[in-house]
Amino acid sequence: MTATLDRTQVAPTRPAAQLTGVAKVFGTGAGAVTALTGVDLRVEPGEFVCLLGASGCGKTTLLNLLAGLDRPTRGTVDVATDRPAVMFQEPALLPWLTAVRNVELPLRLAGVGRSNRRGTANELLELVRLDGQARKRPHELSGGMRQRVALARALAATTVDTTSGDAEKGGRLMLMDEPFAALDAITRDVLQGELERVWRATGTAVVFVTHDVREAVRLGQRVVLLSSRPGTVVREWDLTGTADRRALTGEITDHLREVISTHGRAA
Amino acid sequence: MAAPPETVRVVDRDAAAAVAGLDALDTPTVTRTPLWRRALGATVPPVLTLVVVIVAWQALWASALFPEFKLPAPGTVAEQFGEIVVDGSIWSITWTSVGRAVVGFLVAVAIATPLGLLVAKVAFVRTAIGPLLSGMQSLPSVAWVPAAVLWFGLTDATIYFVVLLGSVPSIANGLVSGIDQVPPILGRVGDVMGAGRLASARLILLPAALPGYLAGCKQGWAFAWRSLMAAEIIATSPQLGVGLGAYLKQGSDVNNIAGVISAIVLILIVGVGIELLVFKPLERRVLQTRGLAAPV
């Protein structure tokens with residue numbers, strides 16, 4: 001647990017991810033739908049950023065752009081790593097593979113040798129406290145355990161980078177799409193704590209999408225509020241050094257309500 | 001956030017305990033029944049059914065409601081059965097048919113697998129021949145026998161033609177539905193990991209489609225077997241040798257009902273045997289590793 005964050009370091013390092021004036025329009029002409037417009041976002045290496053927004057805030061589009069699965073209509077997307085890891089709401093594990101082989105999958109796709117990938121996978125399973133469950137298949141694990149296997153798999157994916165150089169810790173990026181939304185409240189609470197611990201231990205930059213203000217405030221160093229239809233950044237809160245997170249939760253909730261309310265008026 | 005190391009350690013130990021406790025509470029529990037009970041549970045009901053059927057048959061025969069040439073006694077059929085076992089012809093008869101069915105089925109798999117992949121993955125091919133493939137499945141392949149006899153004569157080609165037309169559509173359709181039922185999220189997992197088309201098919205798509213493919217193969221085997229019997233009953237000739245279908249036809253030609261029934265029993269035994277020895281264990285393994293079948 002030596003990976004404390006040194007935010008005073010102001011050297012012009014390359015951000016883990018940077019979006020500048022990004023817009024994304026689907027379709028053309030009258031039927032065109034603007035999913036994102038004028039999005040500026042910068043994620044520092046090792047930073048934990050929560051994107052908060054209601055339905056239609058374009059979070060899936062935004063994550064697809066960051067993951068390199070889609071291109072923006074306008075603006076630029078610059079991501080340090082060529083292969084950011086993605087974690088979904090569902091664990092999305094391959095049901096016929098054991099836990100350890102699921103974690104190995106991104107390494108296997110990247111052509112890492114058998115013994116190396118087994119070693120990495122076992123280390124990561126230990127990190128998410130699943131050593132001893134390596135040989136179990138997904139259906140033999142609980143929902144929370146499956147999501148931790150998925151976390152370990154995403155972490156394995158962050159170790160893969162064909163461009164190397166930037167693949168040093170600083171370039172690592174993990175995109176999380178409401179990963180705890182489908183879990184029960186107790187499990188979610190425990191896993192939030194686990195994610196925080198794992199993030200500190202690995203120093204990976206995280207972009208975490210959520211609908212839950214409390215989750216965003218608990219986990220994020222920075223909370224970015226997005227509007228809906230089209231999605232754009234409304235406001236940001238820097239949480240480092242914030243003592244009263246409860247008061248901030250109230251404040252952010254008020255803002256979120258305001259954003260949602262404008263849609264009722266417009267309709 | 002710079003907590004003294006000791007506090008960190010305590011907090012971490014607490015978290016570890018909470019995680020361990022939650023895992024212990026939430027892990028699905030599996031209760032295994034002992035082997036002898038499983039074996040008993042699996043064999044007693046079908047054996048009971050068999051006994052009931054034979055007793056009812058015997059009673060029906062004893063009532064003399066039907067003439068002997070229509071309904072023989074179970075014993076007479078057993079005698080007939082014993083005859084072909086003793087003179088050894090049962091092996092050549094069964095092997096003639098099973099050999100054809102196995103070869104026909106393997107060729108069908110080799111044709112249907114790429115065909116199914118094409119239909120599932122290429123939109124044009126799907127709209128072009130998808131409906132035809134489904135339609136072929138409901139067309140009894142015995143309908144092809146007269147045409148095949150005209151085209152190929154009374155040869156093995158006729159028999160294999162009918163077997164292939166019977167089983168290829170089932171296997172191909174099984175693979176198509178297997179692929180269609182793969183959850184889209186698994187494809188996305190491959191995409192975000194940068195898997196190419198080939199790697200994605202090999203490591204994700206095909207293993208995910210395996211249960212549907214296997215179900216298709218199972219049905220394909222059943223269709224191959226019944227198509228073969230139809231072909232063998234209709235297309236008989238000395239050069240084709242005597243398989244189960246021809247043996248049944250022979251019994252029918254000389255009004256030997258005991259022979260006909262023993263042939264039917266033998267056809268049934270082979271069908272059930274292959275299902276129990278090959279497809280059931282295979283299917284069970286595939287489903288169990290995916291958590292789709294309760295471990296018994």
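Here are some notes:
- Using a cut-off of 18 Å between Cα atoms, the listed pairs B:Lys70/B:Lys249; A:Lys136/B:Lys218; A:Lys24/A:Lys59 include A:Lys136/B:Lys218 as exceeding that distance.
- Dividing the convex hull volume of the alpha-carbon atoms in the stretch A:27-88 by its residue count gives 116 Å³ per residue.
- Only DSSP H runs of four or more residues enter the estimate; each adds -39500 (n - 2.57), and after division by the residues of chain B the mean residue ellipticity at 222 nm equals -25500 deg cm²/dmol.
- From helices alone, chain A scores -11500 deg cm²/dmol at 222 nm; the rule is -39500 (n - 2.57) for each run of n ≥ 4 DSSP H residues, then divide by the residue total.
- Where only alpha carbons of chain A are counted, the Rg and the Dmax (Å): 18.7, 60
- A convex hull fitted around the alpha carbon atoms of the protein assembly as shown yields 231 Å³ per residue.
- Extent of the stretch B:76-289 along its three principal axes (Cα atoms, max minus min coordinate, largest first): 68, 39, 23 Å.
- Fluctuation leader among B:Asp87, B:Asp26, B:Asp156 - chain B, Gaussian network, Cα springs under 10 angstrom: B:Asp26
- Based on the reciprocal of the average 1/r between different C-alpha atoms, the Kirkwood radius for the stretch A:95-160 equals 11.3 Å.
- DSSP H segments from chain B that extend 30 Å or more along their own axis, Cα-based, with Kyte-Doolittle mean of 0.0 or above: B:5-26, B:35-62, B:89-121, B:156-180, B:206-234
Here, each number is a calculation from the coordinates, and none is a lab measurement. All figures in this text were calculated on a predicted structure; none of them were measured in a lab.
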